[in-house]
Amino acid sequence: MELLDRISSTLQKGEDEQVAELTKQAIDENIPAQDILDNGLIAGMNVIGEQFRKHEIFLPEVLLAAKAMYAGMDLLKPLFIKEKVPTQGKVVIGTVHGDLHDLGKNLVGIMLKGAGFDVIDLGKDVPAEKFVEAAKTEDAGVIGMSALLTTTMPVMKKVVELLKENGLEDAVKTIIGGAPASEDFADEIGVNAYGFDAGKAVELVKELTGKK
Amino acid sequence: MARIHSRKGYKLKQIIDFKIAEINPDGRDVLLHQGIPKGVEVPERIRVLLAEGVDIFRRTAQPKGVIEEVSLNQFENTFVGEGKNIRDVILERIYPKSDHLALYVLTMGEDVSSRIEKMFNEGDYALGSMLDAVASLAADKASEVFEEFYRDYLDSEEKLNPGEFVLSYSPGYCGWHISGQKKLFDRLKPGLIGVTLNDSYLMTPLKSVSGVLVGGNKEIHIFDNNFEYCKECKHESCLDRMKRIQTI
């Protein structure tokens, strides 16, 4: 549909005000909210995610697109009140205990939301117990942990151990990211995946939740 | 940067106001921090974001720092912290060979950190992220200004021998546990410049840096980066620093 394509392409340019206008127009034309979301907003973010993964665009352009996505989403949310906002699954994310560096974690959260996931952001300086507790209460399928300081990485291992103690290691998958993390470290502590960057993290979360 | 007020023969202890001009990061470095390699054509909308981020930083940053010289014994106590350091910390091999040590805390101020947080909360991610990058790099640059300041101080006191060099090291990096900040804060009391520490040993405002300035022969700062934690580290800023002092 031409209007939804325009929403998608305008979103890719990061034109938030125009995306809001076009979304409003689509709502006024009685296009189902689910269609606007899937074929306009998420379709646009998927293109952005793919371009970012291929290094065709830069981080600020992803973030401008994300802002445009939310400008449209804000108008759609009231239409999803009866049926909940459709989601690809729930992901709990946070920067681990002892660490306040949350830029990378925020970016992953933004891109996960853009891909249609319901993101529970626990913020920064999050103890291992809180990650597990939130995964349980929110019935989340994935826990995403971020760290910048090398000295805070043991918290990631503790989360894996707590999931095992609670018998949740199969129900709740884990993914880590951040400057000091690596594939080897993820293997060593028994984490399910390591996201080198935000684009990769979204791709891996889709794999972990069977959405890809 | 304020002039040095210390009296000869006394240990340095001072609060310093940084000038924005001396810590303002290079735009190309900010873009690199945002994942944009040097030399590529930067889209206009990103250039606009960069200009806006730099402008907000200039208007909102209130960079300040506090510095205090300490003895080797005093620093030993700070370094051990809560006893949580990794077994083999690079700094543990460096500081005992040093001639001069000074603790420091610096901040870009509360306003800039809360602006970043507000932008993220309001969905203005691109500008928030750009401002975050500007403030982070400015804080790093302020650490370098502190290195220079301490070197100038030692020089003015005729304490700096030829071939001696000052470099900074921070808790949370290279095996020095973040809990080292507790004793550092107990000694420096950086509440005077508006920086506080929470129970997880993390600083508020976020854009703050703490550490120790280590002065000594430049050879003491050179090491092989083959420690256990080096394998996981992607910063590798130690390599740049070592390269820098080796060329001097």
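Since every read-out is calculated from the coordinates, none of them should be taken as a lab result. Computed from a predicted model, the values in this text were never measured in an experiment. Heads up, the Cβs are rebuilt from the backbone with ideal geometry, glycines too, and the neighbour counts pull from every protein chain shown.
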**Message:** On a 18 Å Cα-Cα criterion, which of the cross-link pairs A:Lys158/B:Lys84; A:Lys136/A:Lys173; A:Lys90/A:Lys136; A:Lys130/A:Lys173; A:Lys54/A:Lys173 come out too long?
**Reply:** A:Lys54/A:Lys173
**Item:** Which of A:Thr150, A:Thr87, B:Thr247 has the fewest Cβ neighbours within 10 Å, and the rest in rising order
**Value:** B:Thr247, A:Thr87, A:Thr150
**Reachable lysines, given that their alpha-carbon falls under 24 Å from the alpha-carbon of B:Lys159 and they are not under 8 places away in the same chain** = B:Lys8, B:Lys11, B:Lys13, B:Lys97, B:Lys218
**Request:** Compute the long axis of helix A:59-76 from its Cα atoms, compare it with the longest principal axis of the Cα atoms of chain A, and write down the angle in degrees, 0 to 90, nearest 10.
**Result:** 60
**Request:** Give the angle, between 0 and 90 degrees and rounded to the nearest 10, that separates the Cα long axis of helix A:128-138 from the longest principal axis of the Cα atoms of chain A.
**Result:** 40
**Message:** Suppose every Lys and Arg Cβ carries +1 and every Asp and Glu Cβ carries -1, with no other charges. What dipole size does the protein assembly as shown come out with about its Cα centre, to the nearest 20 debye?
**Reply:** 1000
**Message:** Could you work out [θ]222 nm for chain B from helices alone, using -39500 (n - 2.57) per DSSP H run of at least four and dividing by all its residues? Round to the nearest 500 deg cm²/dmol.
**Reply:** -13000 deg cm²/dmol
**Fill in**
About its Cα centre, segment A:2-80 carries a charge dipole, from +1 on Lys and Arg Cβ atoms and -1 on Asp and Glu Cβ atoms, whose size in debye to the nearest 20 is 280
**Complete:** Here the averaged projected area of segment A:56-206, based on the convex hull of its alpha-carbon atoms and given in nm², is 9.1
**Asked** What is the order of A:Val108, B:Val212, B:Val42, fewest Cβ neighbours within 10 Å to most?
**Response** B:Val42, B:Val212, A:Val108
**Complete:** Relative contact order of segment A:90-208 (C-alpha contacts under 8 Å, at least 6 apart) in percent is 28
**Prompt:** For chain B, what's the relative contact order in percent, using C-alpha pairs closer than 8 Å and at least 6 residues apart?
**Reply:** 25
**Prompt:** Among B:Lys64/B:Lys141; B:Lys19/B:Lys118; A:Lys157/B:Lys182, which pairs are too far apart, with a Cα-Cα distance over 19 Å?
**Reply:** B:Lys19/B:Lys118; A:Lys157/B:Lys182
**Request:** Mind checking segment A:7-90 for chymotrypsin sites (Phe, Trp or Tyr not before Pro) that DSSP puts in a loop (not H, G, I, E or B) and that have at most 14 other Cβ atoms within 10 Å?
**Result:** none
**Asked** Hey, what did chain A get for relative contact order, percent, Cα under 8 Å, at least 6 apart?
**Response** 17
**Label-point gap, in nm, between B:Glu41 and A:Lys157 - each point 7 angstrom along Cα→Cβ** = 4.9
**Fill in**
From DSSP H assignment alone, runs of 4+ in chain A each adding -39500 (n - 2.57), the sum over residues rounded to the nearest 500 puts [θ] at 222 nm at -15500 deg cm²/dmol
**Message:** Normalised radius of gyration for segment A:2-80, please: alpha carbon Rg relative to 2.2 N^0.38 Å, two decimal places.
**Reply:** 1.01
**Asked** Between segment A:141-212 and segment B:21-70, what's the alpha-carbon centroid distance in Å?
**Response** 31
**Prompt:** Counting every Cα pair in the protein assembly as shown, what percent are over 38 Å apart?
**Reply:** 28
**Prompt:** Taking neighbour Cβ counts within 10 Å as the exposure measure, how do A:Leu79, A:Leu208 sort from fewest upward?
**Reply:** A:Leu79, A:Leu208
**Message:** Show log10 I(q)/I(0) for chain B at q = 0.12 Å⁻¹, two decimals, from a solvent-free Debye sum over equal Cα scatterers.
**Reply:** -0.73
